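The next block holds one structure in the form of structure tokens; read it before the comments.
The values are calculated or read from the model by the stated rules, or taken from the named source; none is laboratory data. Bear in mind that the values here come from a model prediction, so they are computed numbers and not experimental data. Ideal geometry is used to build each Cβ from the backbone, glycine not excepted, and the neighbour counts take in all protein chains shown.
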Amino acid sequence: MTTPHSVLRNDPATELTDVLRSVLHTGAAPFALHEPELTEVERRFVMQILDEGFVSYAGRQVGQFEAELAKACGTTDAIAVVSGTAAIHVLLHVLGIGAGQEVLCPALTFIATANAISHSGAMPHFVDCTPTDLGIDVAKLDRYLSRVASRTPDGTFNKQTGRRISAIMPVHIFGHIGEMDAIRKLAEAWKLLVVEDATESLGSRDRHGPSGGGGIAATLSFNGNKIVTTGGGGAIVTNDRELAARLKHITTTAKLPHRWNFVHDEIAFNYRLPNINAALGLGQMARLPDMLKRKRLLASRYRDGFANAKHWSFIDEPAGSSSNFWLNAVMLPEADAVLLDRTLGHLHEAGFLCRPCWTPMHLMPMYAEAPRDDLSTTESLAARIINLPSSPKLAGAPQDA
Ligand SMILES: *Cc1c(COP(=O)(O)O)cnc(C)c1O
């Protein structure tokens, strides 16, 4: 028995699969969500390290990679570390955020944001997001803080837990920079530090400039599915030179400079990025402009592809910004977990290895008891969003390799 064509077209799973087929027609299945793109450029940088032997913590490539990152983020400094999680952890630690404190962060994020806050000893405090840019819903957060927090000359305190609320950590979901002006204003009113989780937005810009300069510091990630990869890795970027010096010292065992003696002046971390990973990163940074160009081209094809879709709307960059479109995404008009799951099954069968967005933080056992606002938008979005294949190669071969 065959299904009439009109019924098929009315089916959201069929519609999404059809649009992907038409947008990605030049590629071949399976279509991964985001593949690293490695060319002759990366090969040259890595081979040089193998020839020179500086594969570990010594070597000049880490410093060069840090200079490239600072340049791309428009900051004075960058400190390369072993992962994005480590970057957030050590940054909070150096900012004095730890036990007895809470950090506001979205419930709609990758687990690393909440885990790193926990590693610092602080408690993640989950807040809701907007259905447009997926960033923190600042108006809702302000109303919430007015109810649950008290402002004192010493800072802001959670009236229910007694803990200090010290910082807010916006996450630029899928590469889209949220309402940073509003977040800075709220942070000023509530005496909160703004610490950006910019792990998804390297190369994005808002009206103030490149992603990474919006708060006291921002963190980056270079794991294998990010826009730039070092195999695994991360960084902190900042315009605060003193903070940068502190971060460099404490991520490299707090060793005092000496030609042969081992003297360390505090309990520190070994979070330094190995030089061979930095070399790979240098190759990737050289090609970042080209990868960005193709990722934006792919996004524009998706935008066109979904312009007349009945069931799915394309999540576009916020007005006044330019997104790296790390992950392209579409959403249903209403939450429907069963339909979302059926669609994902359909897509996987057709070779499109799409994913839902993350399980919201408060729905996982270790964060079920964490303080939180009403998270209805977050919960709804988790049953509406599907991420689409977003590798730069899907919009053509590298131009500069
Ligand atoms: C990738 C990512 C991180 C950091 O991940 P690592 O794998 O530790 O480098 C943190 N937060 C978000 C939102 C991320 O997407």
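Screening the range 181-237 for residues that are under 15 Å from the mean Cα position of the chain (by Cα) and away from the ligand (no atom under 16 Å from the Cβ) and picking the one that is surrounded by the most Cβ atoms within 10 Å (Cβ to Cβ) gives PRO210. The set of residues from the range 287-322 being out of contact with any Ser or Thr (no Cβ under 7 Å at 6 or more places or on another chain) and acidic (Asp, Glu) comprises ASP290, ASP304, ASP316. Are any of the residues in the range 23-36 within 16 Å of the ligand (Cβ to nearest atom), under 29 Å from MET123 (Cα atoms) and in contact with a Pro (Cβ under 8 Å, 6 or more places away or on another chain)? Looking for residues that are within 16 Å of the ligand (Cβ to nearest atom), under 29 Å from MET123 (Cα atoms) and in contact with a Pro (Cβ under 8 Å, 6 or more places away or on another chain), one finds none in the range 23-36, hence no.
Among the conditions (1) surrounded by fewer than 17 Cβ atoms within 10 Å (Cβ to Cβ); (2) under 30 Å from LEU38 (Cα atoms), the only one that LEU256 does not satisfy is (2). For the range 355-368, does any single residue satisfy the condition of being within 18 Å of ARG301 (Cα to Cα), assigned to a loop (DSSP other than H, G, I, E, B) and at pLDDT 95 or above? There is no residue in the range 355-368 that is within 18 Å of ARG301 (Cα to Cα), assigned to a loop (DSSP other than H, G, I, E, B) and at pLDDT 95 or above. Take THR377 and decide whether it is at pLDDT 95 or above, part of a helix (DSSP H, G or I) and either more than 30 Å from GLU42 (Cβ to Cβ) or touching a His at 6+ places or on another chain (Cβ under 9 Å) (or both). Considered against the rule, which asks whether it is at pLDDT 95 or above, part of a helix (DSSP H, G or I) and either more than 30 Å from GLU42 (Cβ to Cβ) or touching a His at 6+ places or on another chain (Cβ under 9 Å) (or both), THR377 comes out as yes. Only one of these is touching a residue at least 24 places away in the same chain (Cβ under 8 Å) and among the small types (Gly, Ala, Ser): ALA99, ALA70. Name it. Within the list ALA99, ALA70, the selection yields ALA70.
Listed here are the residues, each with its yes/no results for (1) without any contact (Cβ under 8 Å) to a residue 12 or more places away in the chain; (2) over 25 Å from HIS208 (Cβ atoms); (3) assigned to a helix (DSSP H, G or I); (4) acidic (Asp, Glu).
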| residue | (1), (2), (3), (4) |
| --- | --- |
| ARG296 | no, no, yes, no |
| ARG303 | no, no, yes, no |
| LYS310 | no, yes, no, no |
| GLU317 | no, no, no, yes |
| ARG342 | no, yes, yes, no |
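Of all residues in the range 190-206, those being touching a Pro at 6+ places or on another chain (Cβ under 8 Å) and not charged (D, E, K, R) number 3. The conditions of being out of contact with any helix residue (DSSP H, G or I) (no Cβ under 6 Å at 6 or more places or on another chain), of a type in the set (Gly, Ala, Ser) and farther than 20 Å from LEU327 by Cα are not met by GLY214.
Taking the criterion of being away from the ligand (no atom under 14 Å from the Cβ) and either assigned to a strand (DSSP E or B) or closer than 21 Å to GLY233 by Cβ (or both), the residues of the range 96-119 that qualify are GLN101, GLU102, LEU104.
Among the residues of the range 77-94, is there at least one that is in a helix (DSSP H, G or I), within 16 Å of the ligand (Cβ to nearest atom) and over 18 Å from the mean Cα position of the chain (by Cα)?
First, the residues of the range 77-94 that are in a helix (DSSP H, G or I): 84-94.
The next check asks that each one be within 16 Å of the ligand (Cβ to nearest atom); those that pass are 84-93.
Imposing the further condition that a residue be over 18 Å from the mean Cα position of the chain (by Cα) reduces the set to 93.
Yes, the range 77-94 has at least one match.
Mind listing just one residue for me: the one in the range 161-180 that is closer than 15 Å to VAL103 by Cα and in contact with a Pro (Cβ under 7 Å, 6 or more places away or on another chain) and, of those, surrounded by the fewest Cβ atoms within 10 Å (Cβ to Cβ)?
Initial filter on the range 161-180 (closer than 15 Å to VAL103 by Cα): 161-171.
Still in the list and also in contact with a Pro (Cβ under 7 Å, 6 or more places away or on another chain): 161, 171.
Working: THR161: 14, VAL171: 24.
The selected residue is THR161.
Please go through the range 19-42 and give me each residue that is within 23 Å of PHE174 (Cα to Cα), part of a helix (DSSP H, G or I) and of a type outside the set (Val, Ile, Thr), ordered by number. Answer for the range 19-42, where residues must be within 23 Å of PHE174 (Cα to Cα), part of a helix (DSSP H, G or I) and of a type outside the set (Val, Ile, Thr): LEU20, ARG21, SER22. Evaluate the following for ARG241: is it at pLDDT 95 or above, out of contact with any Ser or Thr (no Cβ under 7 Å at 6 or more places or on another chain), more than 27 Å from GLU37 (Cβ to Cβ) and more than 16 Å from the ligand (Cβ to nearest atom)? For ARG241, the condition - at pLDDT 95 or above, out of contact with any Ser or Thr (no Cβ under 7 Å at 6 or more places or on another chain), more than 27 Å from GLU37 (Cβ to Cβ) and more than 16 Å from the ligand (Cβ to nearest atom) - is not met.
Residue-by-condition table, conditions (1) under 17 Å from LEU92 (Cβ atoms); (2) not in a helix (DSSP H, G or I):
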| position | (1), (2) |
| --- | --- |
| ASN225 | no, yes |
| THR229 | no, yes |
| GLY232 | no, yes |
| ALA235 | yes, yes |
| ILE250 | yes, no |
| PHE262 | no, yes |
| ILE267 | yes, yes |
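The residue list GLU68, GLU15 contains one member that is at pLDDT 95 or above, among the charged types (D, E, K, R) and under 20 Å from the mean Cα position of the chain (by Cα), which is GLU68.
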